[in-house]
Amino acid sequence: MRGPATLGTVVLLAMAAGCFRHADTPTPAKDAPCACRGHAPAKLDRARLCSSWSEATEGLSHAAFPELDPASCYVPVRYAAGVEGKPKPDPIPSHCGYPEPGTRAVLAREIARYDAIAAGVSSELPLNLARELPLNLARELPLDLACDLPPDERMRAARLNAATLRAAAEDGRKYPYAAVSTFGYGAPMHEKSGLMTWRPGDACPTLAPLHLARLGQNVQRAERAAAAFRAGVAPVITVSGGAIHSPVYETWILAYLLTCRLGVPASAILVDPCADHTHTNLRNTAGLVVALGGRSAYVVTTGIQVGYRQEWTTFDWIGGSIDQRSLRDFGYVVGSFRQASVGVDHGFWLTPYRFFAEPKDGLGGVTCVR
């Protein structure tokens, strides 16, 4: 067992610059596609996929190379040098894009579920509504609301998400991704930011420069998400983060910045007030992608979290990588993710479907995220 000084040194090293590796795209193999490129292992035990992940999948990580397989619908988002606020997604491949056939039916189902939660009936739904939902959805909260939330916060979030899903169902445009996503950055000083009691739908307060500065990296994360949204990367923005480091929910901070300062319509924002770490941010966001009836999200972030999502980090040395935490807490690895931004390093393709290169009606439609 390492002593405190040694462990502290390792942690500091893990947080230092140069501790992350973005793997170069491998040369396409001529033989059978390997599992690391979105295909299932040859001996995949599907029955144990979401309960005994390591044994069922031979210990695969999130690392994948979606740019090698058209089935991934991986769309790079390009940023001109020095103009990171003006991203431009590549053209959507002919067989890709959001929405796709079947999306409306998924949205209708999820709208009914969020409506029920907003009405205060989550675990036991009225019979007439329960008949409209699959059994597991009628009994279970979505991941973005399945934490110890005060009832009013849960109902408010459900009402917001139902309204956003309705707007998505009425949007007839085609997008590269189902969502632009960003995660909150928590700090104790948020309690003094002036947003303790603010909620979406309230009048927008004007924060003094000092209070705005207390929001830290959330400001830049919201700006990057708004820029991608305005560029047509996706029809909605998902914001994720609970009240972990202060009594202020990170998701409300991001919603405030997006709607009150950056002009994003409230009807274009899905909220997740339950995530408590990067791996739960990713899992809950992946769950919202499933709720949208989509295949992927474009995730933007800042700071050390940019490196934390690469193919390898020194957090692996201390058991703190995203995959290691996911396996300990959930029992499975959250889908796949890979840097998709070009010109900057803060944008990532994320899919909840680990075997994205398989047919969608087979393993390509399997996800452990519910």
Selection over the range 221-244 where residues are assigned to a loop (DSSP other than H, G, I, E, B) and either under 16 Å from the mean Cα position of the chain (by Cα) or closer than 15 Å to Val300 by Cβ (or both) yields a count of 8
Checked pairs for the range 352-370, first under 9 Å from Gly38 (Cβ atoms), second at pLDDT 90 or above and among the polar types (S, T, N, Q), C-beta under 7 Å and 6 or more apart or across chains, list as Tyr353/Thr367; Arg354/Ser336; Phe356/Ser72; Phe356/Ser336; Ala357/Ser72
Can you find even one residue in the range 213-227 that is within 20 Å of Asn284 (Cβ to Cβ), surrounded by fewer than 19 Cβ atoms within 10 Å (Cβ to Cβ) and either without any contact (Cβ under 8 Å) to a residue 24 or more places away in the chain or not hydroxyl-bearing (Ser, Thr, Tyr) (or both)? yes
Of the residues in the range 229-244 that are touching a Phe, Trp or Tyr at 6+ places or on another chain (Cβ under 9 Å) and more than 23 Å from Lys86 (Cβ to Cβ), the one that is surrounded by the most Cβ atoms within 10 Å (Cβ to Cβ) is Gly241
The one condition Ala163 fails out of (1) at positive phi; (2) among the small types (Gly, Ala, Ser); (3) in a helix (DSSP H, G or I) is (1)
**Prompt:** Is the range 289-297 home to any residue that is modelled with pLDDT of 95 or more, part of a strand (DSSP E or B), of a type in the set (A, V, I, L, M, F, W, C) and surrounded by 20 or more Cβ atoms within 10 Å (Cβ to Cβ)?
**Reply:** yes
If we keep only residues of the range 298-332 that are in contact with a Cys (Cβ under 8 Å, 6 or more places away or on another chain) and part of a loop (DSSP other than H, G, I, E, B), then the residue surrounded by the most Cβ atoms within 10 Å (Cβ to Cβ) is Tyr332
Selection over the range 175-198 where residues are assigned to a loop (DSSP other than H, G, I, E, B), touching a residue at least 12 places away in the same chain (Cβ under 8 Å) and over 20 Å from the mean Cα position of the chain (by Cα) yields a count of 6
Practice problem: Output yes when any residue across the range 300-317 is out of contact with any strand residue (DSSP E or B) (no Cβ under 7 Å at 6 or more places or on another chain) and of a type in the set (Gly, Ala, Ser), and no when none is. | Solution: yes
Exactly one of Glu58, Glu124, Glu110 is at pLDDT 85 or above and either touching a Pro at 6+ places or on another chain (Cβ under 9 Å) or more than 24 Å from Ser321 (Cβ to Cβ) (or both), and that residue is Glu110
Over the range 245-278, the set of residues outside any helix (DSSP H, G or I), surrounded by 20 or more Cβ atoms within 10 Å (Cβ to Cβ) and touching a residue at least 60 places away in the same chain (Cβ under 8 Å) is Tyr249, Ile269, Leu270, Val271, Asp272, Pro273, Cys274, Ala275
Taking the range 68-121 and keeping residues in contact (Cβ under 8 Å) with a residue 60 or more places away in the chain, surrounded by fewer than 15 Cβ atoms within 10 Å (Cβ to Cβ) and in a loop (DSSP other than H, G, I, E, B) leaves Ala81, Asp90, Gly102
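The values are calculated or read from the model by the stated rules, or taken from the named source; none is laboratory data. It should be emphasised that the depicted structure is a prediction, and the values quoted were computed from it without experimental measurement. With ideal geometry, Cβ positions are generated from the backbone for all residues, glycine too; neighbour counts draw on all protein chains shown.
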